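> If you scroll down you'll find the structure; I have some questions about it.
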Amino acid sequence: MKTHKNIFKLLALVISFSAVSCVELELEPYDRETDKTYWQKPEAALYALNACYPTLSSASKVLYSDAMTDNGYTKVPNAYNQSIGNGSYSTAEPYVQEEWSSRYAGIRACNLLLNNIDQVPELSQELLNRYSAEATVIRAYHYFELYSKFGDVPYFTEVISIDQSQTLTRTEQSVITEELLEQLNEVINNEYLPSSYSGDDVGRITHWAALALKARILLFEGRYTELVDVTENIINNGPFFLFNDYEALFTLENENNSEVILDLQYLQSSREHSVQYHFLPPSLGGYSQLSPIQSLVDSYITLDGYRIEDAPASSFDPENPFENRDPRLKATVVYDGNSYPLEDGSDHFVYTEPDGGQDSFGASSDVSATGYYLKKYWDKNYRANLMSGLNIILIRYADVLLMHAEALVEMNQMDEQGWDLTIRALRERAGFSKNTALDFPGGSQSELRQIIRNERRTELAFEGLRRKDIIRWRTAENVMDGWIYGMEVEDVQGMDDGHVAIEQRSFDPSKHYLWPVPQNEIDLNSNLSQNSNW
């Protein structure tokens, strides 16, 4: 059970001071906190910093990200991001507006601290540097999330007024990128952040989290030579190693394990999320509105290392499609006959074939639309109302290995040593044992690229990264245009090759590689331009 609660001390003081300005004649109100008095408290910096952490992301935002990809689907129209996934969204899309607004709210929280921390009394230089560095990294995370979706966005590092916000213009993505990298380099090179924390401080931004965020930015920008320098640093000097059990990696019992670099910290009965309800089957109290799709299921290779479309009959049997497959499939997706482990040590089996019971395909509006349920991030300790205190990982060591592998391939430098350090290590942890799956396959750069990209997909499914990957690879129109499918079901209307047809999607490469600037923001600020073809 977690005891670190300091990050969640979001006191009313923090909320109130951000909305209050000093009055004329410097008369301080006696009934509320002001900017002037708030920052004179020794604890002000910590409270303000703690207010930045919950803005990083949310459990639903991370998991639902894959509903905008060829990994997943959400069945509820006008909720979350279904319209982005199918390409029907507009400049008034609520999910787009929420992302814009929440990121800038997070940036404001960080700017409040960074602009005022010098006023806080009795704060050592070491803590001033550390707190500032934590906020700087969180702010960089927000700006990266913004520009990776919208391209050019307003960029500022000062607390601004409402009037000022309505005069801003968009800053070029390339300029923002350089600003973020410069800020991260200052934090990293001056070692303002510790390598790790203990006690109540577990979960805070570390030196390695700053490096990992820098790596992720370089990956998105395709700056592979610089990326390798960063990933090698983390691999060779960092305290991380692959956790020994892939499925158990995402459980309450193993939070803050050897693989976690940065996560969203939750706490049972204190700060919880309800994402369990969104993906669990009815037999466990869920509504299963977020589901894996067939394309993801098909991407998991066989234990012999073959893609199922290329596998010999001895390796893959279409009549028994879940046998002899990558063990990460069973740990990520609940298919017919798979199960959820329960707190008492037993297994809760799920049967999805028609007439198979409460969870079977088509049994009710509560069942999965695709016939598949999500297993990753299942919390067997969830409370009766499906609230969970399970942490959600934002960056883990496996991602660093995969970034390193991708950079080596793109630089045409992947060899047996690089393969064994990255892909072989990941597959051995997953449970592969045959040489055909573990040994360096050789082949052309194009062939290795396909392998690495698929490995990234299956290792990191439903961890909020697939959308960025298909955007930066410029492959989205290939995988996000056309029908998506669910499980194979006999005699069900709307089928293709035995698989139920779920949704027809559209991805227009002339516009969908960037989200639109929310129309509401343009209405408020005529200086904001719109992205092409929106």
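The values are calculated or read from the model by the stated rules, or taken from the named source; none is laboratory data. Small disclaimer: the values here were computed from a predicted structure and weren't measured. Using ideal geometry, Cβ is built from the backbone for each residue, glycine included, and neighbour counts are taken over all protein chains shown. Ligands, DNA and RNA are excluded from the accessible area calculation, which covers all protein heavy atoms including side chains. Shrake-Rupley method; radii C 1.70, N 1.55, O 1.52, S 1.80 Å.
> Within the group Thr436, Thr475, Thr458, which residue is among the polar types (S, T, N, Q) and open to solvent by less than 10 Å² (accessible area, probe 1.4 Å)?
On inspection, the qualifying residue turns out to be Thr458.
> Residues to consider are Tyr335, Tyr351, Tyr340; find the one that is free of Cβ contacts under 8 Å to residues at least 40 places away in the same chain and over 26 Å from Leu448 (Cβ atoms).
Answer to the check: Tyr351.
> Now for a different question. Taking the conditions exactly as written (at pLDDT 95 or above, closer than 22 Å to Tyr53 by Cα and either part of a helix (DSSP H, G or I) or open to solvent by 40 Å² or more (accessible area, probe 1.4 Å) (or both)), does Ala212 satisfy them or not?
For Ala212, the condition - at pLDDT 95 or above, closer than 22 Å to Tyr53 by Cα and either part of a helix (DSSP H, G or I) or open to solvent by 40 Å² or more (accessible area, probe 1.4 Å) (or both) - is met.
> When you go through (1) under 26 Å from Leu426 (Cα atoms); (2) buried (at least 18 other Cβ atoms within 10 Å of the Cβ) one by one for Ile176, which number turns out not to apply?
(1)
> With the condition being over 16 Å from Leu46 (Cα atoms), at pLDDT 95 or above and acidic (Asp, Glu), I'd like the helices (runs of 4 or more DSSP H) fully within segment 122-208 carrying at least 3 qualifying residues.
Where helices (runs of 4 or more DSSP H) fall fully within segment 122-208 and carry at least 3 residues being over 16 Å from Leu46 (Cα atoms), at pLDDT 95 or above and acidic (Asp, Glu), they are 173-189.
> Return a yes/no flag: does segment 244-262 have any residue that is in contact with a Phe, Trp or Tyr (Cβ under 6 Å, 6 or more places away or on another chain), modelled with pLDDT of 95 or more and surrounded by fewer than 20 Cβ atoms within 10 Å (Cβ to Cβ).
Yes.
> Taking helices (runs of 4 or more DSSP H) that do not extend beyond segment 464-534, which have at least 1 residues that are within 30 Å of Phe322 (Cα to Cα)?
Qualifying helices (runs of 4 or more DSSP H): 466-472, 476-479.
> Within segment 70-85, how many residues are within 16 Å of the chain's Cα centre (by Cα), over 14 Å from Thr370 (Cβ atoms) and open to solvent by less than 10 Å² (accessible area, probe 1.4 Å)?
1
> In addition: Those residues that are buried (at least 19 other Cβ atoms within 10 Å of the Cβ) and over 19 Å from the mean Cα position of the chain (by Cα), I need them from segment 263-282; list them, please.
Leu280, Pro281, Pro282
> Could you tell me how many of the residues in segment 135-154 are open to solvent by 10 Å² or more (accessible area, probe 1.4 Å) and over 22 Å from Leu211 (Cα atoms)?
Residues meeting the conditions: 1.
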